[in-house]
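Chemist: Got a structure here, written out as structure tokens. Questions coming.
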Amino acid sequence: MTGRFNRKTGTFLLSIALAILLSSCGGGGGGGSWESPPPKAVTIPATNVRIDNAVLHGVVNPNGVATNAWFEWGIDNAALTGRSPDFPAGSGTTDNQVAFTAIGLKQKTTYYFRIAAINSAGNEVQGE
């Protein structure tokens, strides 16, 4: 074996090294799939609490997939019986603040609520 560089051998070794590198990081294109994570949903405190209504707030991050969100509320944290309609929460990768006015609430009653979100990658429910 001599100390000279063999261009064919060098290219072949470089190709092997590149193939190993790409396979170890899951890249290389074709055949591999990447799934977006489910949305993130965070409940934040209600505002404008009135005698029979309150504005519920949350933050939803769709994580790059078209996402719907909704609020759930009730007087028993284990059984939330009120539910808002679904509403679109976007498809980007940034946090979106969302709000819904829950009406028909009873006076002098403690209510619990949470936000929930779902997309094709899964769902997230986050309570308060």
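The values are calculated or read from the model by the stated rules, or taken from the named source; none is laboratory data. This is a predicted model, so every value here is computed, not measured. When we count neighbours, we look across all protein chains shown, and the Cβ atoms used for this are built from the backbone with ideal geometry, even at glycine. Heavy atoms of the whole protein, side chains included, go into the accessibility calculation; ligands, DNA and RNA do not. Shrake-Rupley method; radii C 1.70, N 1.55, O 1.52, S 1.80 Å.
Chemist: If I filter the range 76-99 down to residues being among the hydrophobic types (A, V, I, L, M, F, W, C) and assigned to a loop (DSSP other than H, G, I, E, B), which single residue comes out as surrounded by the fewest Cβ atoms within 10 Å (Cβ to Cβ)? Before you say what the answer is, go through the steps one by one.
Modeler: As a first pass, look at the range 76-99 and keep what is among the hydrophobic types (A, V, I, L, M, F, W, C): 78-80, 87, 89, 98-99.
Subset that is assigned to a loop (DSSP other than H, G, I, E, B): 78, 80, 89.
Details: ALA78: 6, LEU80: 19, ALA89: 25.
Of everything passing the filter in the range 76-99, ALA78 is surrounded by the fewest Cβ atoms within 10 Å (Cβ to Cβ).
Chemist: Looking at ALA66, ALA102, ALA54 in this structure, which one is of a type in the set (A, V, I, L, M, F, W, C), in a loop (DSSP other than H, G, I, E, B) and either under 16 Å from VAL125 (Cβ atoms) or at pLDDT 95 or above (or both)?
Modeler: Checking each option against the conditions leaves just ALA66.
Chemist: Let me ask something else about it. What's the number of the only condition in (1) in contact (Cβ under 8 Å) with a residue 24 or more places away in the chain; (2) within 24 Å of the chain's Cα centre (by Cα) that ARG83 fails to meet?
Modeler: Just one mismatch for ARG83, condition (1).
Chemist: Same structure again: Given the structure, is ALA117 of a type outside the set (Asp, Glu), assigned to a strand (DSSP E or B) and under 10 Å from the mean Cα position of the chain (by Cα)?
Modeler: On the way: of a type outside the set (Asp, Glu): yes; assigned to a strand (DSSP E or B): yes; under 10 Å from the mean Cα position of the chain (by Cα): yes.
Against the criterion (of a type outside the set (Asp, Glu), assigned to a strand (DSSP E or B) and under 10 Å from the mean Cα position of the chain (by Cα)), ALA117 qualifies.
Chemist: In this structure, is GLN126 under 19 Å from the mean Cα position of the chain (by Cα) and open to solvent by 70 Å² or more (accessible area, probe 1.4 Å)? It would help to see each step written out before you state the result.
Modeler: Numbers: under 19 Å from the mean Cα position of the chain (by Cα): yes; open to solvent by 70 Å² or more (accessible area, probe 1.4 Å): no.
Considered against the rule, which asks whether it is under 19 Å from the mean Cα position of the chain (by Cα) and open to solvent by 70 Å² or more (accessible area, probe 1.4 Å), GLN126 comes out as no.
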